[in-house]
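The values are calculated or read from the model by the stated rules, or taken from the named source; none is laboratory data. Please read these numbers as outputs of a predicted model, since none were measured by experiment. Reconstructed Cβ throughout: ideal geometry from the backbone, glycine too, with neighbour counts over all protein chains shown.
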């Protein structure tokens with residue numbers, strides 16, 4: 001659940017303004033500095049990938065993040081992370097996933 005407070009002077013004038021304010025607050029929460037993955041690199045043996053996050057949401061006590069791994073081969077995966085997980089946790093899980101045989105495009109990787 002996302003919660004934020006505002007002073008009476010910040011109160012939105014219309015329902016649309018209220019939705020826009022909620023959207024900004026939610027995005028600020030989603031963009032926590034500890035979860036910046038874009039541009040980070042991963043190398044496993046002779047292969048290398050660059051991480052790109054292109055969608056995330058918070059649902060059922062988890063942060064769900066859709067991630068592309070740019071390289072050869074190209075992958076997209078979904079990270080199902082606890083709300084306390086940080087970027088280093090996600091990177092460690094991605095390294096483990098890439099190093100394990102049998103991984104498939106579209107897998108869901110659970111973290112903490």
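The residue that is nearest to residue 48 (Cα to Cα), counting only those in segment 64-104 that are within 11 Å of the chain's Cα centre (by Cα) and in a loop (DSSP other than H, G, I, E, B), is 86.
For segment 84-95, the count of residues that are over 14 Å from residue 37 (Cα atoms) and in contact with a strand residue (DSSP E or B) (Cβ under 9 Å, 6 or more places away or on another chain) is zero. Among the residues of segment 95-112, which ones are under 11 Å from residue 78 (Cα atoms) and surrounded by 11 or more Cβ atoms within 10 Å (Cβ to Cβ)? Result: 107, 109, 110, 111. Assessment of segment 55-62 against the conditions (in a helix (DSSP H, G or I) and either at pLDDT 85 or above or loosely packed, with under 15 Cβ neighbours inside 10 Å (or both)) yields no matching residue.
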